[in-house]
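Notes to accompany the following structure.
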Amino acid sequence: MYVILGKERFNDFISRLSEMRRLFAPAVLKGYNNFAFEKVTSGKEIAIKYIPTILPPKKFFIPQRETLLEFNIAQGIDAEAVVEYEPMTIFGVHTCDLAGIQCLNMVFSERPKDYNYLTRGSKIVLIGLECNEYCDEYASCNLVNATFPCGGYDLFFTDLGDYFVIHVNTRSGDEIIKEIGSFEKVDTSHINELEKLREKKRKVFGNEVPIEGKHIPELFDRSFGASVWKDLEERCLACGNCTNVCPTCYCFDIRDEVELNLESGIRYRVWYSCQLEPFAKVAGGINFRKERSARQKHRYYRKFRYPVDRFTRFFCTGCGRCTRTCMAGISLKETLNDLIKESES
Amino acid sequence: MEKPKVAFFDFACCEGCQLQVANIGEGLLDVLGSIDVVEFREVMSEKWDKELDVAIIEGSITNPHAVERIKQIRERAKVLIAYGSCATIGGVNGMKNNFSFDDIRKYVYGDSYQFFPTEITKAVHQAVKVDYFVNGCPIYIPEFITVLKAVLQGIPYDVPDYPVCVECKLNENVCMYDREVTCLGTVTKAGCNSWCINNGNICYGCRGMVSNPNEKGAQDVLTKYKIPMDLVLNKMNMYNKCREIF
């Protein structure tokens with residue numbers, strides 16, 4: 001089902017939406033062409049045109065620090081599992097980031113299921129927003145089929161000038177439409193406009209790297225010993241920016257922290273990254289991915305090769321964040337291009 | 001269980017890290033509930049010359065007297081914590097190592113300089129064995145508490161061996177290089193929650209360099225942003241001059 005929202009009603013819609021649950025959206029505040037999902041209460045705070053935010057919306061699905069267990073060891077061991085969650089709405093999620101959340105959903109639904117993630121995710125309402133054009137030259141969403149909406153949202157907005165056409169995809173989405181009630185019925189002219197936009201997009205968005213998606217797994221099968229990885233060794237600063245900003249990187253570390261009385265405490269998890277020096281360090285001081293090249297290679301295989309076997313999809317959503325954020329200028333598109341060149345030579 | 005006897009000592013420093021501890025606020029009550037502070041010059045008059053469970057050392061080692069004194073403290077203490085940049089990496093006192101010591105002494109003490117012996121500035125671990133490090137100028141209180149908890153439990157604490165960029169990115173700060181400002185976060189150990197950058201300042205490298213920095217890669221980044229090498233070396237030397245002593 002589709003409905004229409006006139007642009008003049010957008011601010012009112014956002015205000016009403018923020019009254020229903022806490023509302024997060026890409027905010028204008030950051031400057032220097034940097035955006036972030038922030039709490040908003042009015043349409044004016046939202047950047048409708050934005051390039052991917054510094055952190056993807058995974059920050060709402062996997063908090064950077066999340067309590068898993070509370071324990072008391074004063075007399076014996078008394079421990080209780082904790083699930084932290086809060087109902088919220090996220091507005092303005094691009095298709096790349098929706099794809100990222102779909103990937104995370106698959107990972108955390110595998111057995112043993114991650115109830116912390118799944119419970120929190122079930123309380124989050126997602127409102128997508130279509131990209132009418134490329135955000136910038138770093139994106140490669142077409143390569144991984146993330147340019148067009150492909151589910152994973154409750155409502156999906158497409159900006160068609162004076163109005164948004166909205167796809168209502170779930171019951172939660174439908175409830176918002178019914179409760180706010182500022183919407184109009186869609187007619188064929190609106191759907192034609194939407195089709196026209198999509199047709200135009202099909203012409204603008206092409207494969208950003210000269211390879212078809214279906215050949216990427218073979219490319220990686222041939223490239224384990226490629227010299228491309230050695231080049232990354234010299235450039236990578238091992239700052240972990242690429243993984244922290246990645247919508248599908250979910251690795252975490254689990255730690256215990258006791259109170260100063262040494263009687264009670266919590267077990268919590270924090271984001272962690274395979275790019276960091278201590279990540280693969282084990283007892284005895286041995287590090288089984290000591291070279292930065294091994295760590296970068298691992299990152300690429302975790303995006304383009306391993307998940308293909310396990311989840312039958314890429315874990316790259318083409319958002320371009322890793323390239324945009326890399327101090328050393330390591331570019332995902334360039335790496336893929338170099339792998340193609342090397343495999344052909 | 002008897003509370004461990006803890007003493008705070010200072011060497012060459014500004015005593016700002018002691019001030020940080022004194023300023024913990026409400027959390028200080030929990031700290032004092034778990035340890036027995038027997039000496040702490042900035043907040044109490046009592047002294048302690050017997051055995052210690054924990055010695056907490058601020059400041060760097062800059063003269064023969066300090067070397068002797070830190071050795072004596074080490075002998076008395078079961079556990080020794082170095083805290084603050086001066087103690088953990090040498091800090092700003094290390095800048096002395098850039099100059100001829102006679103020139104430095106004349107500049108500071110004038111004609112009577114020969115009564116004030118000095119020697120190469122060292123971090124505490126360059127003089128005696130250190131069990132725990134709380135880096136930073138000044139120390140970051142949440143990390144100090146975490147280290148204290150590790151000491152009380154008898155488990156090690158590892159200073160994060162990855163750059164400040166990690167925490168800075170999680171805080172969604174606009175990168176200083178995007179603002180065209182030089183920042184040392186790329187090669188400096190995290191653990192401060194990117195405290196300075198969160199507040200609009202750059203990273204000065206006060207926590208010391210990561211153990212395995214990519215020096216070639218870092219040079220390429222400087223070239224990319226057209227930042228002269230000596231500017232960055234000067235910035236590095238502000239806190240990290242003692243890194244060169246092995």
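Can you find a residue that is within 20 Å of residue A:322 (Cα to Cα), part of a loop (DSSP other than H, G, I, E, B), facing chain A (nearest Cβ under 8 Å) and charged (D, E, K, R) anywhere in the range B:174-187? Yes: one or more hits.
Looking only at the range B:45-81, count every residue that is among the polar types (S, T, N, Q) and out of contact with any helix residue (DSSP H, G or I) (no Cβ under 7 Å at 6 or more places or on another chain) and tell me the total. Looking only at that region, the number is 3. A single entry from B:217, B:200, B:154, B:185 fulfils the requirement of being small (Gly, Ala, Ser) and in contact (Cβ under 8 Å) with a residue 12 or more places away in the chain: B:185.
Any idea which of A:158, A:119, A:170 is among the hydroxyl-bearing types (Ser, Thr, Tyr) and without any contact (Cβ under 8 Å) to a residue 24 or more places away in the chain?
Selected residue: A:170, the only one of A:158, A:119, A:170 that is among the hydroxyl-bearing types (Ser, Thr, Tyr) and without any contact (Cβ under 8 Å) to a residue 24 or more places away in the chain.
For the range B:221-244, the count of residues that are surrounded by fewer than 16 Cβ atoms within 10 Å (Cβ to Cβ), touching a helix residue (DSSP H, G or I) at 6+ places or on another chain (Cβ under 7 Å) and part of a loop (DSSP other than H, G, I, E, B) is zero.
Candidates are the residues of the range B:1-42 that are of a type in the set (A, V, I, L, M) and closer than 11 Å to residue B:138 by Cβ; the one that is surrounded by the most Cβ atoms within 10 Å (Cβ to Cβ) is B:21.
Across the range B:216-246, the qualifying residues are those that are more than 10 Å from chain A (Cβ to nearest Cβ) and of a type in the set (Asp, Glu), and the one among them that is farthest from residue B:176 (Cα to Cα) is B:244. Restricting A:250, A:272, A:268 to those that are hydroxyl-bearing (Ser, Thr, Tyr) and free of Cβ contacts under 8 Å to residues at least 60 places away in the same chain reduces the list to A:272. Checked against (1) more than 14 Å from chain B (Cβ to nearest Cβ); (2) modelled with pLDDT of 95 or more; (3) under 28 Å from the mean Cα position of the chain (by Cα); (4) closer than 30 Å to residue A:289 by Cβ, residue A:213 meets all criteria but (2). Entry remark, the range B:55-65: residues being touching a residue at least 60 places away in the same chain (Cβ under 8 Å) and out of contact with any Asp or Glu (no Cβ under 9 Å at 6 or more places or on another chain) number 1 in total. For first residues located in the range A:142-155 and over 10 Å from residue A:102 (Cβ atoms), partners that are of a type in the set (Phe, Trp, Tyr) and surrounded by 24 or more Cβ atoms within 10 Å (Cβ to Cβ) and lie 6+ apart or on another chain with Cβ distances below 6 Å form the pairs A:149/A:156. Say we look at the range B:78-94 and pick out the residues that are out of contact with any Pro (no Cβ under 9 Å at 6 or more places or on another chain) and without any contact (Cβ under 8 Å) to a residue 60 or more places away in the chain; which of these is surrounded by the most Cβ atoms within 10 Å (Cβ to Cβ)? Applying the filter and picking the extreme gives B:82. Has the range A:272-280 got at least one residue that is within 27 Å of residue A:331 (Cα to Cα) and touching a His at 6+ places or on another chain (Cβ under 6 Å)? Yes, the conditions are met somewhere in the range A:272-280. Quick one: would you say residue A:218 is within 14 Å of chain B (Cβ to nearest Cβ) and surrounded by 12 or more Cβ atoms within 10 Å (Cβ to Cβ)? For residue A:218, the condition - within 14 Å of chain B (Cβ to nearest Cβ) and surrounded by 12 or more Cβ atoms within 10 Å (Cβ to Cβ) - is not met. Of everything in the range A:171-191 that is β-branched (Val, Ile, Thr) and surrounded by 15 or more Cβ atoms within 10 Å (Cβ to Cβ), the residue that is nearest to the chain's Cα centre (by Cα) is A:176.
From the set of residues in the range A:57-67 that are buried (at least 17 other Cβ atoms within 10 Å of the Cβ) and away from chain B (no Cβ under 11 Å), which is farthest from the chain's Cα centre (by Cα)? Quick ask: steps written out before the conclusion?
Initially, the range A:57-67 is screened for residues buried (at least 17 other Cβ atoms within 10 Å of the Cβ), giving A:57-63, A:66.
Okay, now just the ones that are also away from chain B (no Cβ under 11 Å), so A:57-58, A:60-62, A:66.
Values: A:57: 5, A:58: 5, A:60: 10, A:61: 10, A:62: 11, A:66: 18 Å.
Per the stated criteria, the residue is A:66.
The values are calculated or read from the model by the stated rules, or taken from the named source; none is laboratory data. Computed from a predicted structure; not experimentally measured. We place every Cβ from the backbone using ideal geometry, glycine too, and count neighbours over all the protein chains shown.
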